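Trainee: Have a look at the structure that comes next, please.
The values are calculated or read from the model by the stated rules, or taken from the named source; none is laboratory data. Values in this document were obtained by computation on a predicted structure and should not be read as measured data. Don't worry about glycine lacking a Cβ; one is built from the backbone with ideal geometry, like all the others, and counts go over all protein chains shown.
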Amino acid sequence: MDKKGNLTLIFHYLRVFLYMIGIITLIPLIVLLFYPGEMPEAVNFIVPGTLMIFLGFIVTKFFQEKEKLKLSKNQNYQLVFLIWIFAILVSAIPFLMTGNYSFTQAIFESTSGYSTTGLSVVDVDNTYNIYLFHRSFMQLVGGVGLVLVVTSTFANKYGIYLYSSEGHSENLIPNLIKTSRLIITFYLSFIGLGTVLYVLFGMPTFDAINHAIAAVSTGGFSTHTQSIGGYNSIAIEIVTIFLMLLGSINFLVHLMLIKKQFKKVFNHSELRTFVVVAMIFSGLSIASLLNQYSVSDSIRLGIFQTISSITTTGFTVMDSFSGLPHAFIFGIVIMMLIGGSSGSTSGGIKQHRLSLMLHDIQWGLHSKLYDSRVIKSKVIYKFGNKVIVNNKEIKENYRFISIYILFWMVSSLTITFFGYNIMDSMFEVASALGTVGHSIGVMTYHSNPVVLWIGIIAMFLGRMEFYIIIIAIGKVFLDIKKTN
């Protein structure tokens, strides 16, 4: 198929997602039923939403003859890239139309929403509720993925490759449509449960809905300037920890728990790594805070911030990260880089990559300590089953981790040219790249646009896990080169 044919096929598949993005942009209008005083803001959502639906209609008219053709692997990546770009651009328009935000700031906010990061340039205490819900709804959709939402609704013709191209690594059950619907059922059930629990413990209903979405999507957007700490409630903090953990654990693990396959859950290498790492860093966080807080407050703050960081949620119960012990800040940075489980809503390098790296170190030491003639299989436990790991997977694992750390370091160094110290820069980029949302004050409403664009790129790459973007853009350049 020639270049023109490739583009035609991609646009054929894109049309459904254009409809979906339009609907996503219109859904926050529901808030006006409960806050009719915000009705003048409706136009800021109606204009981009209806334009997107109209664009979907136009694309359908021109590209409907490609129904039976299938996308190649590279085309899947290009399509996913386009879907996310369109979603981010369109969802930025409501912020842009207020006149309170520049193009860069609006893109920053929508990227933070869809990537479930939680970094923000919005003053939530002086923003209409419709925009607060718009932010939360972007995180709801971004948490499970734009492709997954469509896959759960439409026919199987969009294929497993498009599904996996967005970063979904597991099939809960053989049928893709049933898998996506089951994931969304889990997801919405957790959000519903969280909303009820928050209301029971005194959180206002609107806040409860938004925080439940942000916690389960591990997004971290809050309707309160002081985040979860603004409610000063241990009960609400415990509920938040519970929801963050639910969102950061592989959905297949949830399915096994429901089926009472506890042995498989216990033997899952990634989950065991997650638990051990969380426990170690919780202890270190508590110990590092003891010089500034009481024992009870150190335990409370240390555990909450550890879970918030390692699940890449970004909620906080602290007024600021400034002035805290360097050991605590450094621990937060490490946890933000590591992140949560694969097949969850978490970002970061992911626990399964950490687990594989630690296993490889163990295998390497074993080969040095024992007779070289003794051959030991490289095996990890995946969902309770023994899985043999080959050298190609190990190299791929190190390659991803290397790219991730290199980007983090280069981006952090770049931000220092704008007057920030290296520790603050490393903290902020780790937060953006890990889609966490903790901020030490580098990326704010008043930040230099270049700093915000570094954050935008980091959030986007972190959510799409680098390779999708690299392959999508690389394929375009290769096509251009061939035509020349």
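Trainee: Enumerate the pairs (first residue in the stretch 464-484 and outside any helix (DSSP H, G or I); second residue anywhere and at pLDDT below 75 and not charged (D, E, K, R)) with beta-carbon separation below 9 Å, excluding pairs fewer than 6 apart on the same chain, so at least 6 apart or on different chains.
Mentor: Partner pairs satisfying both residue conditions: GLU465/GLY167.
Trainee: Hey, any hits in the stretch 343-364 for a residue that's over 15 Å from SER269 (Cβ atoms), in a helix (DSSP H, G or I) and among the hydroxyl-bearing types (Ser, Thr, Tyr)?
Mentor: There is no residue in the stretch 343-364 that is over 15 Å from SER269 (Cβ atoms), in a helix (DSSP H, G or I) and among the hydroxyl-bearing types (Ser, Thr, Tyr).
A quick yes/no check of all residues on (1) of a type outside the set (A, V, I, L, M); (2) on the phi < 0 side of the Ramachandran plot; (3) at pLDDT 85 or above:
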{"residue": "SER341", "(1), (2), (3)": "yes, yes, yes"}
{"residue": "SER346", "(1), (2), (3)": "yes, yes, yes"}
{"residue": "HIS352", "(1), (2), (3)": "yes, yes, yes"}
{"residue": "ILE361", "(1), (2), (3)": "no, yes, yes"}
{"residue": "GLY384", "(1), (2), (3)": "yes, no, no"}
{"residue": "ILE394", "(1), (2), (3)": "no, yes, yes"}
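Trainee: Looking at MET426, MET464, which is the one that is of a type outside the set (S, T, N, Q), modelled with pLDDT of 95 or more and either under 30 Å from ILE307 (Cβ atoms) or touching a Phe, Trp or Tyr at 6+ places or on another chain (Cβ under 7 Å) (or both)? Please lay out each step first, then the result.
Mentor: Working: MET464 fails: modelled with pLDDT of 95 or more.
After applying the criteria, what remains is MET426.
Trainee: I would also like to ask the following. Keeping to the stretch 31-41, report how many residues are in contact (Cβ under 8 Å) with a residue 24 or more places away in the chain and not hydroxyl-bearing (Ser, Thr, Tyr).
Mentor: Start the filter on the stretch 31-41 by keeping residues that are in contact (Cβ under 8 Å) with a residue 24 or more places away in the chain, which leaves 31-32, 34-35, 38, 41.
Still in the running and not hydroxyl-bearing (Ser, Thr, Tyr): 31-32, 34, 38, 41.
Residues that pass the stated criteria total 5.
Trainee: Would you pick out the residues in the stretch 187-213 that are touching a residue at least 60 places away in the same chain (Cβ under 8 Å) and more than 20 Å from the chain's Cα centre (by Cα)?
Mentor: The answer is PHE206, and nothing else.
Trainee: While we're looking at this one, here's another question. Can you spot a residue in the stretch 152-162 that is modelled with pLDDT of 65 or more and of a type in the set (Lys, Arg)? Please lay out each step first, then the result.
Mentor: Just the residues of the stretch 152-162 that are modelled with pLDDT of 65 or more, to begin with: none.
Checked against the condition, which is being modelled with pLDDT of 65 or more and of a type in the set (Lys, Arg), the stretch 152-162 yields no hits at all.
To keep it simple, each residue is scored yes or no on (1) over 22 Å from the mean Cα position of the chain (by Cα); (2) outside any helix (DSSP H, G or I).
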position: THR273; (1), (2): no, no
position: VAL277; (1), (2): no, no
position: ILE280; (1), (2): yes, no
position: SER288; (1), (2): yes, no
position: TYR293; (1), (2): yes, yes
position: SER296; (1), (2): yes, no
position: ARG300; (1), (2): yes, no
position: THR306; (1), (2): no, no
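Trainee: Kindly provide the set of residues from the stretch 75-101 that are in a loop (DSSP other than H, G, I, E, B) and out of contact with any helix residue (DSSP H, G or I) (no Cβ under 7 Å at 6 or more places or on another chain), ordered by number.
Mentor: Our first condition is that a residue be in a loop (DSSP other than H, G, I, E, B); within the stretch 75-101, this holds for 98-101.
Across the stretch 75-101, the qualifying residues are GLY99, ASN100.
Trainee: Follow-up. Residue under question is PHE221, and the condition is that it be assigned to a helix (DSSP H, G or I) and in contact (Cβ under 8 Å) with a residue 40 or more places away in the chain; does it hold? Before you say what the answer is, go through the steps one by one.
Mentor: Values: assigned to a helix (DSSP H, G or I): no; in contact (Cβ under 8 Å) with a residue 40 or more places away in the chain: yes.
Answer is no for this residue.
Trainee: Which of the residues spanning the stretch 401-446 are in contact (Cβ under 8 Å) with a residue 40 or more places away in the chain, surrounded by 23 or more Cβ atoms within 10 Å (Cβ to Cβ), of a type in the set (Gly, Ala, Ser) and part of a helix (DSSP H, G or I)?
Mentor: ALA430, SER431, ALA432
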